[in-house]
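Colleague: Below: one structure in structure tokens.
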Amino acid sequence: MSAVIETRKLSKWYGNVLGLSDVTLEIGPGISGLLGPNGAGKSTFLKLLTGQIKPSLGSVTILGEKIKNNYAIFSKIGFCPEHDSFYEEITGWEFLTQLLSLHGFAASEVKIRAEKTLEVVELSRDKDRLVRAYSRGMRQRLKFAQAIAHDPEILVLDEPLAGLDPLGKRKVIRLIKEFKSQGKTIIVSSHVLPEIEALTKTIILIHQGKIFATGDIHYIRDLIESHPHLVSVKCAEPRRLASMLLTEDYIRSINFGPDSKTLVVETKNRDKFFSLLLSLIVESRIDIEEITSPDDNLQAVFDYLVGK
């Protein structure tokens, strides 16, 4: 898959403060989750991608073209910033239509696009209210609306779910996934791990201005050989199962869970463990109710990588 966004040794510092350090990445179509704590460098990275600030070192290209003064590329990017930047004394309708006009659309097209987009983000009924009267969630949806109204090829979304209620988050997540199905390239940043997991398994982990890992979350987890895998097994005979598993040298420990049916296995080799478990189910007639991996998730991987 060809890269839509490429960075080479991309770095940015503010005086003596390092914002981003030596980032080399290729990002293709689909959803990529940019994950890191507040202050990790996510917003700096996204502002560099969208040409809002200049790199101190390195380069960034979009669709093979440089960003600086390339106004044709700007029209292909939709950007939802983390922080509000509204003219408070205009309506939501005026805000959106004026931005669409700046993209060069004719008045008739501006009207059609604004109506459609406001309906998508469920702001049609409130389009004539002043922005200063909007709730935090409404302001967030209006920011999202201006990012998608001109139908860009690339969406850069900085904390797009902040301020939304649970229902609003689910709706925006669904919309973002719809854009993926249209072949768009989407970068979504967040410091809330479950939000990224709900959107994509393709992640970019950033911490202290540096990229720690990129790729599929489960693949990254498998590469962390220095940390054992935890597998939770719920079955009718946990003690019998434990006695069969303890004979293998790749089983580091077994602990019983909070109920009488669950045991948590710590293993150095997850593939061998699952192969053994399958044979025990077949040959020893162990009745397994549920298998989960409590550390095979984004939080665990991130904690491992940043040394928490």
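Colleague: What accessible surface, in Å², does a 1.4 Å probe find on Glu178, ignoring ligands, DNA and RNA and rounding to the nearest 10?
Modeller: Using a 1.4 Å probe on the heavy atoms, I get roughly 80 Å².
Colleague: Quick check on my link table: of Lys47/Lys68; Lys12/Lys210; Lys9/Lys42; Lys127/Lys177; Lys180/Lys210, which ones sit more than 18 Å apart, alpha carbon to alpha carbon?
Modeller: Numbers: Lys47/Lys68 12 Å; Lys12/Lys210 11 Å; Lys9/Lys42 16 Å; Lys127/Lys177 25 Å; Lys180/Lys210 26 Å.
Too far apart for the 18 Å limit: Lys127/Lys177; Lys180/Lys210.
Colleague: Sort the following peptides by mean Cβ neighbour count (other Cβ atoms within 10 Å, averaged over residues), highest first: 51-64, 114-127.
Modeller: Working: 51-64: 16.1, 114-127: 17.6.
The peptides rank, most packed first, as 114-127, 51-64.
Colleague: Quick one: angle between helix 107-120 and the longest Cα principal axis of the chain, in degrees between 0 and 90, rounded to 10, please.
Modeller: Compared with the principal axis, the helix lies near 30 degrees.
Colleague: Taking a probe of 1.4 Å, how large is the accessible area per residue of segment 60-158, in Å²?
Modeller: Values: 5260 Å² over 99 residues.
Per residue, segment 60-158 has 53 Å² of solvent-accessible surface.
Colleague: Rounded if a/c is under 1.5, else prolate if a/b is larger than b/c, else oblate: which is segment 43-115, with a ≥ b ≥ c the root eigenvalues of its Cα gyration tensor? It would help to have the intermediate numbers written out before the result.
Modeller: Values: a/c = 3.28, a/b = 1.67, b/c = 1.96.
Judged from the Cα gyration tensor, segment 43-115 comes out oblate (a/c at least 1.5, b/c at or above a/b).
Colleague: Here are several values of log10 I(q)/I(0) by the Debye sum over Cα atoms at q = 0.10, 0.11, 0.16 Å⁻¹: (1) -0.88, -1.01, -1.43; (2) -0.53, -0.64, -1.37; (3) -0.68, -0.77, -1.23. Which one was derived from the coordinates shown?
Modeller: Identified label for the calculated read-out: (3).
Colleague: Please identify which residues in segment 11-30 have an amide N closer than 20 Å to a label point set 7 Å out from the Cα of His191, following the Cα→Cβ vector.
Modeller: 12-14, 17-21
Colleague: Further question on the same structure: Given labels modelled 7 Å from the Cα in the Cβ direction, how far is it in nm from Val17 to Tyr71?
Modeller: Between Val17 and Tyr71, the simple spin-label model gives 3.3 nm.
Colleague: Going by average Cβ density within 10 Å per residue, which order do the peptides 241-254, 198-211 take, highest to lowest? Could you put the intermediate results ahead of the total?
Modeller: Working: 241-254: 14.4, 198-211: 19.4.
Going from most to least packed, we get 198-211, 241-254.
Colleague: Okay, moving on. Carbon and sulfur: what percent of segment 47-146's accessible surface (1.4 Å probe)?
Modeller: Numbers: 2920 of 5700 Å².
Here carbon and sulfur together make up 51 percent of the probe-accessible area.
Colleague: If I model a spin label at Ser284 and Arg170 as a point 7 Å from the Cα along the Cα→Cβ vector, what separation in nanometres do I get?
Modeller: About 4.1 nm separates the two model spin labels.
The values are calculated or read from the model by the stated rules, or taken from the named source; none is laboratory data. Keep in mind the model is a prediction, meaning the values are calculated, not measured. Reconstructed Cβ throughout: ideal geometry from the backbone, glycine too, with neighbour counts over all protein chains shown. In case anyone asks, the SASA skips ligands and DNA or RNA and just uses the protein heavy atoms, side chains included. Shrake-Rupley method; radii C 1.70, N 1.55, O 1.52, S 1.80 Å.
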